[in-house]
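Right, one structure below, let's go through it.
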Amino acid sequence: QNTPPPTIGLNYACNTTASVTAESAQCIYHPAFPFGSAPADLAITLTDTPDPVTAGQTISYAADVVNTGPGAAPDVAVTLPLPAGTTFVSSSASAGGSCSGSDPVTCTWAGSTANGVTRTANLVVGVPANAVYGSLISASATTTSLNSDPDHADNTSPAGTGVVTAAD
């Protein structure tokens with residue numbers, strides 16, 4: 001937490017969400033932030049359902065991206081490569097977004113994603129019927145924006161799905 005000088009001027013970005021009080025306001029100084037702009041810290045979490053998956057069935061992935069601010073994130077995108085050995089079934093994006101491609105799938109939201117807003121990209125893949133029992137299907141999702149992101153460590157998220165076989 002950096003405390004700005006008594007007069008906030010150029011190069012300061014402050015968290016301005018409604019829950020912030022004067023005592024808890026967080027301001028960041030950076031020479032690259034022009035007045036009126038702030039970085040947008042995107043964080044992504046990839047979840048898989050079901051886990052484990054039965055060979056021959058499908059896995060649904062949900063990639064949730066939240067803008068943790070303090071600035072807005074213009075043109076948010078999520079990229080989801082198909083896990084090795086799987087086949088594309090479908091993809092979709094939460095309100096205002098669209099998806100294209102099948103490997104990788106890229107979902108985008110044009111315009112501004114405000115601080116605190118979550119965007120979700122969904123991907124459904126088919127698991128081959130001959131998938132090996134006990135194997136692991138590894139997936140990942142990555143998010144980007146046109147705004148600078150001060151923390152790239154949380155811009156990629158993995159998910160591992162175990163494979164089981166149907167009982168005879």
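For segment 85-129, the solvent-accessible area with a 1.4 angstrom probe is 45 square angstrom per residue. What whole number of Å gives the distance from the Cα centroid of segment 83-116 to the Cα centroid of segment 128-146? So the separation of the two Cα centres works out to 15 Å. Taking amide H as placed 1.01 Å from N in the peptide plane, the amide H of S148 sits under 5 Å from that of A40, each at least 5 places away or on another chain.
For segment 66-158, which whole-number percentage of the solvent-accessible area (1.4 Å probe, protein heavy atoms only) is attributable to carbon and sulfur atoms? Using a 1.4 Å probe with all protein chains present, segment 66-158 comes out at 58 percent carbon and sulfur. Once backbone amide H atoms are built at 1.01 Å from N, L82 has V105 as its partners under 5 Å, excluding neighbours fewer than 5 places away on the same chain. A Förster distance of 30 Å, applied to the separation of the beta-carbon atoms of A110 and L136, puts the FRET efficiency at 0.25.
The values are calculated or read from the model by the stated rules, or taken from the named source; none is laboratory data. If you're wondering where the values come from, they're calculated on a predicted model, not measured in any experiment. FYI the Cβ positions are ideal-geometry reconstructions off the backbone, even for glycines, and counts take in every protein chain you see. The protein model used for the area step is the full one, side chains on, heavy atoms only, and it has no ligands, DNA or RNA in it. Shrake-Rupley method; radii C 1.70, N 1.55, O 1.52, S 1.80 Å.
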